[in-house]
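The values are calculated or read from the model by the stated rules, or taken from the named source; none is laboratory data. Bear in mind the structure is a predicted one, so any value in this text is a computation, not a measurement. In this analysis, Cβ positions are derived from the backbone assuming ideal geometry, glycine residues included, and neighbour counts consider all displayed protein chains. What goes into the accessible areas is simple: the full protein's heavy atoms, side chains included, and nothing from ligands, DNA or RNA. Shrake-Rupley method; radii C 1.70, N 1.55, O 1.52, S 1.80 Å.
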Amino acid sequence: DKGAYPYYMLKEIDEQAVVARNISGHYYDDEGNLQGIDPEITDAIKKADRLYIVAAGTSYHAGLIGKRYFEQWAKIPTEVHIASEFAYDQPMLSEKPFFIFLSQSGETADSREVLDNVKKQGFPALTLANVMNSTLTREADFALPVLAGPEIAVASTKAYTAQVLVQAILASALGNPGFDLKAELAKVAVEIQAITDEKESFKKIAESALKDQHSAFYIGRGLDAAVALEAALKLKEISYIQTEGFAAGELKHGTISLIEDGTPVFALLTQKKTAGLLRGEVAQVAARGANTIVFASESLAKDGDAYVLPEVNELLMPLLAVIPAQLIAYYATLDRGLDVDRPRNLAKSVTVQ
Ligand code: M6R
């Protein structure tokens, strides 16, 4: 039930702070110890020499963020693959691979095909899904709940943040983040709430930057490049504005020729190491007429930025940086008079290959 909300998507965007708290409540006890992850799962992963995350769409984008946690905290090399590609073009695998399937629905046919294939080859697999007791959770060796609650809008929002959160917690069970993840996740929940409370700002940005536009860009570097892919998918999927998510350094290798007067370029700027380079790229597209809209974290923000993101641990910034993009996609679509929850040609769960 949408309650007082005009669309499920807006309700689901708003639920993300509560989802973050629910996930912490499930995976930590009152003393702050991890719970709810069977040691059989962590033991099996620790035997692996490489993780293969397999997923589609938004779940694939969540995997791109999760890779960082598994590599940086758990020190396990991790590859992220698009299920529909992996299924028919299996890359050379390591000696002891471990598979992680990410899925909101647990029914995505492309991911199921890969799971079938890897089971036949005898490799262990874990599914992180929002719908438990789905095909992907039943057929994998292990499963963990993503706990976003029912997601009805075709455009996935809270399942993305929940998948990122659960991957962070799982990676922390396998290694050491080097900070108090539970405390930081509590902060993340507070800041997600703060951003979703500022809907008017994003409504205005969406209406002014995207009115009558046929194309748009999201750019970033590192984790922000991964968030840019998800941000672009959100916007194009429901507003039909052709949007590209781009690793900012690649612009000069071709895409920059698409920039015209007024082309909206949203820049995500939350990663310190590359902030200077990204500022340069923002200036380059601005010099070619782009309307640049910068979302920067507090310590990296400058005058003229469109929105200052509250700051949490840099590796967790994707959980905050994605929220403005979700809201901008929502308001741009609303502004065009389109059905936000049910974009044309799309189903919530893609059960055909
Ligand atoms: O249920 P899944 O997470 O396996 O679904 C994967 C994609 O079909 C899904 O994320 C899709 O890209 C969404 N419509 C994106 O908003």
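Computed about the Cα centre, the dipole magnitude for the chain is approximately 420 debye when only Lys and Arg (+1) and Asp and Glu (-1) carry charge, each at its Cβ.
Dividing the mean sequence gap of close Cα pairs (under 8 Å, 6+ apart) by how many residues segment 225-344 holds gives a relative contact order of 30 percent. Checking the table Lys272/Lys302; Lys2/Lys234; Lys75/Lys96; Lys182/Lys236; Lys11/Lys204 against a 23 Å threshold on Cα-Cα, which pairs fail? Table pairs above 23 Å Cα-Cα are Lys182/Lys236.
Average accessible surface for segment 130-175: 25 Å² per residue, computed with a 1.4 Å probe over protein heavy atoms with every protein chain in place.
Put the Cα centre of segment 244-311 next to the Cα centre of segment 95-151 and the gap is 36 Å. Rolled with a 1.4 Å probe across the full set of protein chains, the surface gives Glu207 an accessible area near 60 Å². Please list, in order, the residues from segment 44-58 whose amide nitrogen is less than 17 Å from a point placed 7 Å along the Cα→Cβ vector of Glu79. Under 17 Å, as judged by backbone N against the label point of Glu79, lie 48-56 of segment 44-58.
In terms of accessible area, using a 1.4 Å probe and ignoring ligands and nucleic acids, Met132, Met92 rank largest first as Met92, Met132. The accessible-area ordering, largest first, of the residues Lys236, Lys46 stands as Lys46, Lys236, per a 1.4 angstrom probe.
Run the accessible area of the chain with a 1.4 Å probe and give the carbon-and-sulfur part as a rounded percent.
Numbers: 6940 of 14380 Å².
On the chain, the fraction of accessible area on carbon and sulfur atoms equals 48 percent.
Simple rule: put +1 on each Lys or Arg Cβ and -1 on each Asp or Glu Cβ in segment 224-340, find the dipole, and look at Thr270, Val282, Ala325; the Cα lying farthest toward the positive end is Val282. Nearest 5 percent is fine: what portion of the DSSP beta bridges confined to the chain is antiparallel? Of the beta bridges lying entirely in the chain, close to 5 percent run antiparallel.
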